[in-house]
């Protein structure tokens, strides 16, 4: 029986693209789909033929992202909470209440889709929580890496427990819980504390959009967690590389690609270091950024800048990539079989970087050490490693016969069927 699936992603373009991939595959399987998200993604969803219910206006979304604090570990999460998560809660609940069909609706929300989580409780609807990266799952056994505390995964269990509690009690909860519980009271729901501890995981089903070979399931993860694999959706298959980029790729050796993420608009230092590293190494470079203001005004002829390029097409023609540690970028590079240098800033990026290093396909460079000389040296050492080709090939083999999106859709259907 066809379902009505309401998807609720909260975050940047990199967070929303996997949900568009899921939505398209659900439609192919005969289901009705609507996405409750920021108006920033209207053009993307219209192009994909997916209905949007706006939960945050595009202007507010852009203002939330357009601040350097968004990319700082603690200040960034506070800004994300105040400017994106909390303003989306009531509109998400309202959108779901207006569309819900009892017995035939399933909710699919991202890690911070707290409105969908409330609607699930209030309306008794089955919900699937989608986590794009393993850092969303706290564990004392397979502890994710975090920014600012490099030794955190290796600390004693009691110390990790204390630090998790301290972060919740004094950093996240004071920003999130007063307003979140005010909203919950308006729907006759009891208050909650420490939502990052367990409440953000739907009790019905949790899907990790990453494979076990990237993050092996920990014994202390919630039992309702299932891993399906990287979604690898970065736009319509017919979307080509820009003409000028295709010409540049044909003119010489495979370049090194540099990106600081789709939402970054304050990456001037990152891109200056990128150009400097290309000059020092005498290699060609491709800079990807939608925010032209963060790009150098002048670059050598061997370095070109573009607003956007689908990585599924670009990276298989590149030599390596330097990026921020976003899970989508990391996955595309793994599939393309190219080396990665990661400059992680906040959120899940330090953990993604640590996992790539353990796979033997990447090196990491702390943002505080980023300059042209350090980046050139890191790239040179990584690309000279004798075991790199074998490690890249081993990771690339995991993608053969991948059906991650189909498995994700099957679990969504299964959740609706058993509820």
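What to note about this one:
- FRET efficiency for residue 101 and residue 63, using Cβ-Cβ distance with R0 set to 25 Å, rounded to 0.05: 0.10
- Proxy reagent accessibility, fewest Cβ within 10 Å first, across 46, 402: 46, 402
- Taking every alpha-carbon pair under 8 Å whose residues sit at least 6 apart, the range 243-397 reaches a relative contact order of 23 percent.
- Among 165, 221, 71, the order by Cβ neighbours within 10 angstrom, fewest to most, reads 165, 221, 71.
- Rg/Rg_globular for the range 243-397, with Rg_globular taken as 2.2 N^0.38 Å and Rg from C-alpha atoms: 0.94
- Peptides 148-161, 253-266, 323-336 ranked from most to least packed by the mean count of surrounding Cβ atoms within 10 Å: 323-336, 253-266, 148-161.
- Kirkwood hydrodynamic radius (C-alpha pairs) into Stokes-Einstein, the range 166-270, 10 °C and 1.306 mPa s, D in µm²/s: 83 µm²/s
- Between residue 246 and residue 400, residue separation times 0.36 nm minus the direct Cα-Cα distance comes to 52.8 nm.
- Eigenvalues of the alpha-carbon gyration tensor of the range 151-190, scaled by 5 and square-rooted, set the equivalent ellipsoid semi-axes at 30, 10, 6 angstrom, largest first.
- Computed E for residue 312/residue 28 - FRET, C-beta separation, R0 22 angstrom, nearest 0.05: 0.75
- In this label model, residue 279 and residue 179 are separated by 4.4 nm, measuring between points 7 Å along each Cα→Cβ vector.
- For the chain, calculated [θ]222 nm from helices alone, where every DSSP H run of n ≥ 4 adds -39500 (n - 2.57): -12500 deg cm²/dmol
- Neighbour-count ranking [beta-carbon atoms within 10 angstrom, fewest first] of 187, 41: 187, 41
- Rounded Å value of the spacing that divides the Cα centres of the range 237-263 and the range 94-113: 38 Å
- Across the chain, the relative contact order, built from alpha-carbon pairs under 8 Å that are at least six residues apart, equals 16 percent.
- Modelled label positions at residue 47 and residue 239, each set 7 Å beyond Cα in the direction of Cβ, lie 0.4 nm from each other.
- Counted residue by residue at 0.36 nm each, then reduced by the alpha carbon distance between them, the extension gain from residue 387 to residue 374 reaches 2.5 nm.
- A simple spin-label model places pseudo-atoms 7 Å from Cα toward Cβ; at residue 197 and residue 226 they are separated by 2.8 nm.
- Stretching residue 157 away from residue 268 to a fully extended chain increases their span by 36.0 nm, per 0.36 nm per residue minus the current alpha-carbon distance.
- Computing FRET efficiency as 1/(1 + (r/R0)^6) for residue 301 and residue 148, where r is the C-beta to C-beta distance and R0 is 35 Å, gives about 0.30.
Throughout, read-outs are computed from the coordinates displayed, never taken from laboratory work. Quick caveat: nothing in here was measured; it's all calculated off a predicted structure. Backbone-built Cβ (ideal geometry, glycine too); neighbour counts: all protein chains shown.
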